[in-house]
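S.K.: Encoded as structure tokens, here's the structure I'll be asking about.
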Amino acid sequence: MSGDLTTTRPLDTLELMINMGPQHPSTHGVFRMVVWVDGERIVNMEPYIGYLHRGSEKLSEGELYNQVITLFDRLDYVSNFNNELTFCMAIEKLMGVQVPERAQYIRVIMCELNRIASHLLFYGTFGLDVGAMTPIMYGFRDRERIQSIFEAVSGARLMHNYFRVGGLRQDVPSDFRERMERLLPQLEQGVEECDQLLSYNEVFLARTRSIGVLTKEEAIAYGASGPVLRASGVPEDVRVSEPYSVYDRFDFNVPVGKKGDCWDRYYVRVEEMRESLKIIRQVLAQLPDGPIMAAGVRRIIRPPRGEVYVRTENPRGDFGVFLVSDGTDKPYRVKIRPPSFLNLQAMQAMMRNAYVADVVVILGSVDIVLGEVDR
Amino acid sequence: MLNSLKGLGVTLKTMLRKPVTAQYPKEHLPVNRRYMGFPALTWDFQVQEPYCVGCMVCIRNCPTQCMTATLKDNPLHKEGKSTRRKIVDIFEVNLGRCILCEICVEVCNFDAIVMSHEHELSKYERNGNRVDLQALLEMGKQYQEDTGWEPEQAAAPKEGVQA
Amino acid sequence: MSLAATVLVPLLGLLALFTFLSAVVLSLVWIERKFLGRIQMRLGPMRVGPFGLLQPVADAVKLVTKEDVMPFGANRALFWVAPLAMFIPAFMVWVTIPFARDWVIRNLELGLFYVVAVSVLSIVGLVMAGWSSANKYAVLGALRAAAGLISYEIPVVMVALAVAMLAGSLNLVEIVERQAPIYAVVAPLGALLLLFSGLAETGRTPFDIYHAESEVAGGPYIEYSGAHWAVFYLAEYVSTFALGVLISLLFLGGWRGPWLPPVLWLLIKAYAVILVIFWMRGTFPRLRIDQLMSLGWKVLVPLSFANILIAGVQLYYRWPWWALTLMSVALIVAVSFEVYRRVVLAGGKPEVELVPARELRRKVPVREEFKTTKVSSEGQQG
Amino acid sequence: MAEQPPRPHRREEAPTAGPALDERGTALMALLADRLATFQPQTAAVLDEVVVTVPRERLVEVLELLKGDEQLDFNYLRCLSVVDYKTYFEVVYHLWSLAKRHKAVVKVRVPYEDAKTPSVIPVYRGADWYEREGHDLFGLMFEGHPNLKPLLLYEGFDGYPGRKSFPFHEYNEW
């Protein structure tokens, strides 16, 4: 026997560079990660974005304010109402427009429904990421019901263009309340079913617990927000910490994770769906009558010269709009603060000791929407 | 292991339920009343002419610049049959470019444009879904028939054409 | 006469077998799609033929007429040979598998041994495919497949050994004949072990790591298309069916059953097992490679040894058969509990805290914020 | 007949003024002016936010102070925006305190000719991609940034499309 065979010299292995995306099945859009792996273990990961860069911020500078709302629909294309709300609120704040109560309440219903729809989509795709193929169908079943309500209210299933500066485009249809009353028990049951199918499955727990841990300090330093931040143990919710619209009138819980791992990020969202349902019930109970459009908003909006920053709680986190107006009918500068952008940035910190399979799970648990990341 | 068995139970339970999907081309789910399909022009059945006078408000307000229009003198006005002095001559929409935002409907002062329920418009050519006035009016008539559409602003005093 | 007996009859048998297996694969594809569809509240294939019955045929025609693409830089010879190298072992297994007492091409005395030994050969094809594709995902997938299949072969062998001990034979026909009551009742642990390790060997959820489409995007098959991909697919389904039949033979009493003809009984049992496999596919997420390895080496291998041990104890002391059942069940419960403790309760109970918004709103008093005295940071930072 | 969606009725009326600083905001403004006295900031109230403009050379110091101060405790960078005012850039930092729940805006002005500003990554790790984006779209150099590669545009893109002067109509990519 030669001595070479018995020495304990470490094997000379090469690091393999894998290009995950932009056409990988589980990158949630056109997103590319370059992953260096040693066997199955991740050594380094570098995200590349920009494949979906449409220049929404720059485009907004050439559009009328009402037209910009259509652009905001297309940022985070699974939580459109929330985006619209943020932009409308920015202009309303700048102009000092008081939105009528009824409009505010309907806005809250729509936003919360959209939050559930978005989280259901997350639930499905996260299931796919960990290798279960049924959750997406369950998620889509209930999302479909919500979208049918959206269609009845706004006329579109995805790109609603429903909120206006000062209110809404039109009132909800007359059978809205009955439809909601039919929808809510279905949704409650659907969420329970989703929860039972996946949340505590042993294989699922093994795949997501203690994977991709983002500590509290890191989450804050990276500017993570929304479920990612809350899963790391920071009870920060814009609806509570800086209440906008009429959110301060409702009673709900803010789910907060304990470890900041993938399971926490997943389950925070499941709980948020339940809380959103709670909010919707309260809103429906309180929904007042009245106008849906503020008086005094012209067709062509010319906010006064100035600048404003408004943030709201999107399904993905803290969505902000920084709007600079020069007094004309077009915005001078619109800066969008997309929550996924920063959550995605924090992903590098979650990659410690991860395996190739975990990259996919971690990316899924961050729940990015590339339309918003790249803008 | 119990939770996994619970998951198996959930899938088994749903298996025994009715499927929620519909067989699409055979079976169309009904669209809601407000459904925003592609824009269409409405037809004034009383005077037998389009409501549209070609004032270009919608065109100037369109976020994607997907429409063009020109107007002409209305021959029916000369005959005294119509109150519209001008009438649309050419109206073209590139439906492939339209983003279904309903801004055109909102800004229209004459109830001339509606979001029809038309949404299946696949064509073999890239420019195949440019539609002209005739096709738009057809779509509009179909929509008016299907939904019993009635003008709502026609009775109200007209605001000045403003962009 | 002798020539006909030694060559022609087995050849005809093989041909019949091939046709039969192809039909089985087509039926499995249809059943899988329909069954998964129903689990997911869909209809499954509906267009081609009544209830989409001809869908697998349409798929097959499509695959055969599809262009075969070989990536630039691939090793040509290995790339084209790999599908066959995977399919042939999967097919060879069937030479000795009996469908009824006399319905077998060659009833080998070492039948069980042969089945176990040959079935694992398909790994060669997978590794060849992965390596020759000149694709990093394919290499990763092939390595995963190699690791997984080799580790899970041990529990399969050990379970087969325990069954052979109970039956006193390696002949599959005799194993079936000697089951009284069926071994699934006598040795439930063995049945579960065979099911799980068989799933891992055939690459089915929750152990489908080597072609995990969300991670390695198809693994060794990533570069294959058309007929070559179809051969892989065929091999995979043939292996799955073999697993179903093997479990029925070893643990469910094979072709034995009242009223119906024996072949039908075997098929019913095999399809039932396969439905369970599809059901699991519709429910479970996928394990990670290291978890698969530790499950294999730390749980299934020791358990399979324990299975042999309890079978030996039962045989040595000539205890009645239910003694083995009790021991098996006790082991299953103990291991399940241990898995629960390790996986579910690891690092605390899995739960999130619900903080009432009312409480959060109260946390920062509005007026006292900017006093000159030091503000206690009892916010979130605590 | 199917129900007709009502249209919003719009009448012209002068808009009222936007929200103003509340009590806390005023207190915060005074506190900020006090703490940042050595940096000679320009403090102003814009709507309900306190805006502090500081010289860009001392930006990192200011942010460190704001983050480290016991009472201010601005530990969360909400948003970093670059605004092109044709003769100068304004880099706007929206800060937020997670514990104290108050907000402030820090601004620096960067002249066009000398488009450089210090990177704030040492203070706020999350500024990384914001700054890359700012460099990408506005051509602003964030000095000290470890990895100022293009983020949204591709490598080798010519020009800065975020700037007002970018010739969009004359620009032909292909």
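S.K.: If you check A:ILE116, A:ILE149, which single one turns out to be touching a Leu at 6+ places or on another chain (Cβ under 8 Å), modelled with pLDDT of 85 or more, assigned to a helix (DSSP H, G or I) and closer than 24 Å to B:PHE38 by Cα?
M.R.: Matching residue, one of A:ILE116, A:ILE149: A:ILE149.
S.K.: Can I ask one more? Which residues, taken from region D:23-51, are within 15 Å of D:LEU65 (Cβ to Cβ) and either over 18 Å from the mean Cα position of the chain (by Cα) or within 11 Å of chain C (Cβ to nearest Cβ) (or both)?
M.R.: Selection gives D:LEU28, D:LEU31, D:LEU32, D:ALA33, D:ASP34, D:ARG35, D:LEU36, D:ALA37, D:THR38, D:PHE39, D:GLN40.
S.K.: Quick check on region C:277-294: of everything there that is within 11 Å of another protein chain (Cβ to nearest Cβ) and in contact with a Leu (Cβ under 8 Å, 6 or more places away or on another chain), which residue is surrounded by the most Cβ atoms within 10 Å (Cβ to Cβ)?
M.R.: Step by step, filter region C:277-294, then rank; the result is C:PRO285.
S.K.: Ok, one more. What pairs come out if I take residues in region A:151-171 that are farther than 18 Å from B:VAL107 by Cα and pair them with residues that are of a type in the set (Lys, Arg) and at pLDDT 85 or above whose C-beta lies under 7 Å away, six or more apart or interchain?
M.R.: A:GLU151/A:ARG157; A:ALA152/A:ARG179; A:MET159/A:ARG74
S.K.: Looking only at residues in region C:48-91 that are surrounded by fewer than 14 Cβ atoms within 10 Å (Cβ to Cβ) and of a type in the set (Lys, Arg), which one is nearest to C:TRP131 (Cα to Cα)?
M.R.: C:ARG76
S.K.: Taking region D:135-157 only, how many residues are in a loop (DSSP other than H, G, I, E, B) and closer than 16 Å to A:HIS53 by Cα?
M.R.: 9
S.K.: OK, next. Go through (1) within 24 Å of B:ILE59 (Cα to Cα); (2) within 12 Å of another protein chain (Cβ to nearest Cβ); (3) under 18 Å from the mean Cα position of the chain (by Cα); (4) not small (Gly, Ala, Ser) and name the single condition A:ASN80 misses.
M.R.: (1)
S.K.: All but one of (1) part of a loop (DSSP other than H, G, I, E, B); (2) closer than 29 Å to A:GLY296 by Cα hold for A:SER26; which doesn't?
M.R.: (2)
S.K.: Residue check, A:ILE42 against (1) at pLDDT below 85; (2) crowded, with 17+ Cβ neighbours inside 10 Å; (3) under 23 Å from C:ALA147 (Cβ atoms), all met but one. Which one?
M.R.: The number of the failed condition is (1).
S.K.: For the condition assigned to a helix (DSSP H, G or I) and modelled with pLDDT under 85, what is the one hit in C:VAL276, C:VAL263, C:VAL245?
M.R.: Answer to the selection: C:VAL263.
S.K.: What number of residues within region C:36-45 are hydrophobic (A, V, I, L, M, F, W, C) and either away from chain A (no Cβ under 14 Å) or under 23 Å from C:VAL231 (Cα atoms) (or both)?
M.R.: 1
S.K.: In addition: Answer with yes or no whether A:ARG32 is surrounded by fewer than 22 Cβ atoms within 10 Å (Cβ to Cβ), farther than 20 Å from A:VAL238 by Cβ and modelled with pLDDT of 85 or more.
M.R.: yes
S.K.: Does any residue in region D:26-50 that is more than 26 Å from A:ILE91 (Cα to Cα) come within less than 6 Å, Cβ to Cβ, of a residue that is in a helix (DSSP H, G or I) six or more places away or on a different chain, and which pairs are these?
M.R.: Correct list of pairs: D:PHE39/D:ARG58; D:PHE39/D:VAL62.
S.K.: Search region B:3-50 for residues being at the interface with chain A (Cβ under 9 Å from one of its Cβ atoms), in a loop (DSSP other than H, G, I, E, B) and charged (D, E, K, R), and hand back the single one that is farthest from B:ALA69 (Cα to Cα).
M.R.: B:ARG33
S.K.: Which residues, taken from region C:349-366, are more than 7 Å from every other protein chain (Cβ to nearest Cβ) and either at pLDDT 75 or above or surrounded by fewer than 15 Cβ atoms within 10 Å (Cβ to Cβ) (or both)?
M.R.: C:LYS349, C:GLU351, C:GLU359, C:ARG362, C:PRO365
S.K.: Between residues in region B:58-74 that are in contact (Cβ under 8 Å) with a residue 24 or more places away in the chain and over 14 Å from B:GLU92 (Cβ atoms) and residues that are part of a strand (DSSP E or B) and of a type in the set (A, V, I, L, M, F, W, C), which pairs lie under 7 Å by C-beta distance while being six or more apart or on different chains?
M.R.: What qualifies is B:ASN74/B:ILE87.
S.K.: Here's something else I'd like to know. I want to confirm something. Restricting to region C:193-227 and keeping residues that are in a helix (DSSP H, G or I) and either closer than 23 Å to C:PHE72 by Cα or among the aromatic types (Phe, Trp, Tyr) (or both), which single residue is farthest from the other protein chains (Cβ to nearest Cβ)?
M.R.: C:ALA227
S.K.: From A:GLY226, A:GLY190, A:GLY166, which residue is at pLDDT below 85 and under 28 Å from A:GLN282 (Cβ atoms)?
M.R.: The match here is A:GLY166.
S.K.: Which one is farthest from the other protein chains (Cβ to nearest Cβ) among residues in region B:81-119 that are in a helix (DSSP H, G or I) and among the β-branched types (Val, Ile, Thr)?
M.R.: B:VAL105
S.K.: Which residue out of D:ALA44, D:ALA30 is closer than 22 Å to A:ARG311 by Cβ, at pLDDT below 85 and surrounded by fewer than 15 Cβ atoms within 10 Å (Cβ to Cβ)?
M.R.: D:ALA44
S.K.: Now for a separate question. Just wondering, is there one or more residues in region A:213-222 that are in contact (Cβ under 8 Å) with a residue 60 or more places away in the chain, at positive phi, within 18 Å of the chain's Cα centre (by Cα) and not in a helix (DSSP H, G or I)?
M.R.: no
S.K.: Separate question: Does region C:167-176 hold any residues that are surrounded by 22 or more Cβ atoms within 10 Å (Cβ to Cβ) and closer than 18 Å to C:LEU324 by Cβ, and which are they?
M.R.: Listed by number, the list holds a single entry, C:ILE175.
Table: residues versus (1) of a type in the set (Ser, Thr, Tyr); (2) within 18 Å of A:GLU307 (Cα to Cα).
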position	(1), (2)
D:GLY68	no, no
D:ASP73	no, no
D:TYR76	yes, no
D:VAL82	no, yes
D:TYR88	yes, yes
D:LYS107	no, yes
D:THR117	yes, no
D:ALA127	no, no
D:GLY134	no, no
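S.K.: Would it be correct to say that D:PRO19 is more than 30 Å from B:GLU102 (Cβ to Cβ), at pLDDT below 85, part of a loop (DSSP other than H, G, I, E, B) and not hydroxyl-bearing (Ser, Thr, Tyr)?
M.R.: When the stated conditions are applied, D:PRO19 passes them.
S.K.: What are the residue pairs meeting all of these: first residue in region C:3-31, first residue more than 18 Å from C:PHE87 (Cα to Cα), second residue among the basic types (Lys, Arg), Cβ atoms under 8 Å, and 6 or more apart or on different chains?
M.R.: Here the result reads C:PRO10/C:ARG106, each pair linking region C:3-31 to a residue that is among the basic types (Lys, Arg).
S.K.: Tell me the residue from A:TYR65, A:TYR48 that is of a type in the set (Ser, Thr, Tyr), more than 9 Å from every other protein chain (Cβ to nearest Cβ) and either over 28 Å from A:CYS88 (Cα atoms) or more than 19 Å from the chain's Cα centre (by Cα) (or both), please.
M.R.: A:TYR65
S.K.: Exactly one condition in (1) under 30 Å from A:VAL153 (Cβ atoms); (2) assigned to a helix (DSSP H, G or I); (3) more than 14 Å from chain A (Cβ to nearest Cβ) is false for B:HIS77; which is it?
M.R.: Evaluating B:HIS77 over (1) under 30 Å from A:VAL153 (Cβ atoms); (2) assigned to a helix (DSSP H, G or I); (3) more than 14 Å from chain A (Cβ to nearest Cβ) leaves (1) as the failure.
S.K.: Which residue pairs have Cβ atoms under 8 Å apart, sit 6 or more places apart or on different chains, and have a first residue in region A:70-84 that is within 16 Å of A:LEU52 (Cβ to Cβ) and without any contact (Cβ under 8 Å) to a residue 40 or more places away in the chain and a second that is in a helix (DSSP H, G or I) and of a type in the set (A, V, I, L, M)?
M.R.: Cβ pairs passing all conditions: A:LEU71/A:LEU59.
The values are calculated or read from the model by the stated rules, or taken from the named source; none is laboratory data. Keep in mind it's a predicted model, so treat the numbers as computed, not measured. Because the Cβ atoms are built from the backbone with ideal geometry, glycine has one as well, and the counts that use them run over all protein chains shown.
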